[in-house]
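Every read-out reported here was derived from the displayed coordinates using simple, explicitly stated rules and does not represent laboratory data. What you see is a predicted model, and the numbers here were worked out from it, not measured in a lab. Cβ atoms come from the backbone with ideal geometry, glycine included; neighbour counts cover every protein chain shown.
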Amino acid sequence: MNDIPNAPDPAIEALEDELDSVHARLADYENIGGESLPGDMVWRMSDGEHPIRVWREYRGLSIEQLAEAAMTTAVEIANMEAGERVDLVVLKHVARALKVDADDLIPWSQA
């Protein structure tokens, strides 16, 4: 509890800041190439799910299909979705295959 009367609770302020951040990200994602995204995609990414997995599933692609379209391997895609470091060239190929900008594939915790 806060010792200063009428002072905002730091936990509440942190939650409000996080909510503001989610709203800003939602606005950004709603404007990607004029494409409107379902809210569940935004919530999945804000909950920490890797954007590559979320976008891949949204596009209806298997790991193998995305790997082929991105000229890489299914293992590489699985590693990316698991949060392992990736080569920027591979990330650009994945972004192109998913029809998004490469920065849209950066996990929110790192953005």
Inset, instruction - In nm, give the distance between the simple-model label positions of Ala78 and Ile106, each being 7 Å from the Cα along the Cα-to-Cβ direction. - result: 2.8 nm
Inset, instruction - Could you pull out the trypsin sites (Lys or Arg not before Pro) across the range 57-111 that fall in loop regions by DSSP (anything but H, G, I, E, B) with no more than 10 other Cβ atoms inside 10 Å? - result: Arg85
Legend entry - Label-point separation in nm, Arg96 to Ser46, each point 7 Å along Cα→Cβ: 3.3 nm
Legend entry - Qualifying GluC sites (Glu not before Pro) for the range 49-111 [loop in DSSP, other Cβ within 10 Å: at most 12]: Glu84
